[in-house]
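Structure, as C-alpha cells:
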Amino acid sequence: MGDEKSGVGQDGGVNISGGTVTVGGDVVGRDKIVGTEISRAQLDQVLRPVEEVIRTAPPANQPEAMQKLGELKGEAAKGKNAKDGAVAKLVDSLVGLMPGAVSSLVSAFATPLLGGVAGPATKYVLDKIQGK
C-alpha cells in the first residue's frame, strides 16, 4: 500500500499534495457528459437490461413495451434537452407494462449518462416505482 505523499499503490482517484493547487477547467470523478445529445450506442448499452426484461416477459406486452423503450431512448438521446415529463411518462408506462423492469430502469437512471437526463418528474416516478 502506498502513502499519502507518493501515491504508490493508489487505485485511481486524484492525489494532490503540496501547497496551492489551481485547477483550470473541470475536475470529474467519473464519466463527464459533454454536449447536449447522447449516442444511441450509449443508450442501448445502459438500457440493455431493460430490453432483456422485455424480451423475457409475456409476449402480449412485448411489442408495446419495446415501442415505449424506443421512445424513451429517443427522448433520452436529446440529453439535457430531453423533456422531463415525457421521460417520466415513458418510465411509468414501461413499469406498468413490465413490472419486472423496475430494478433495471432504476439502475439505468443511476448511471451518469441517464442521471443527467432525469429531472424532478422522472425522479418522482423513479421514487414511486421503488415504493419510496
Total residues in region 42-61, condition closer than 14 Å to SER104 by Cα and in a helix (DSSP H, G or I): 13
GLY116 vs. criteria at positive phi and either surrounded by fewer than 15 Cβ atoms within 10 Å (Cβ to Cβ) or in contact (Cβ under 8 Å) with a residue 12 or more places away in the chain (or both): no
Output for region 92-113, where each listed residue is of a type outside the set (Ser, Thr, Tyr), surrounded by 17 or more Cβ atoms within 10 Å (Cβ to Cβ) and either touching a strand residue (DSSP E or B) at 6+ places or on another chain (Cβ under 8 Å) or within 13 Å of ILE54 (Cα to Cα) (or both): LEU94, VAL95, LEU97, MET98, ALA101, VAL102, LEU105
Selection from region 73-85 of residues that are under 12 Å from the mean Cα position of the chain (by Cα) and either in a loop (DSSP other than H, G, I, E, B) or without any contact (Cβ under 8 Å) to a residue 40 or more places away in the chain (or both): LYS73, ALA77
Any hit, region 62-70, residues being within 18 Å of SER39 (Cα to Cα), modelled with pLDDT under 90, part of a helix (DSSP H, G or I) and in contact with a helix residue (DSSP H, G or I) (Cβ under 7 Å, 6 or more places away or on another chain): no
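The values are calculated or read from the model by the stated rules, or taken from the named source; none is laboratory data. None of these values were measured; they are calculated from a predicted model. Cβ atoms come from the backbone with ideal geometry, glycine included; neighbour counts cover every protein chain shown.
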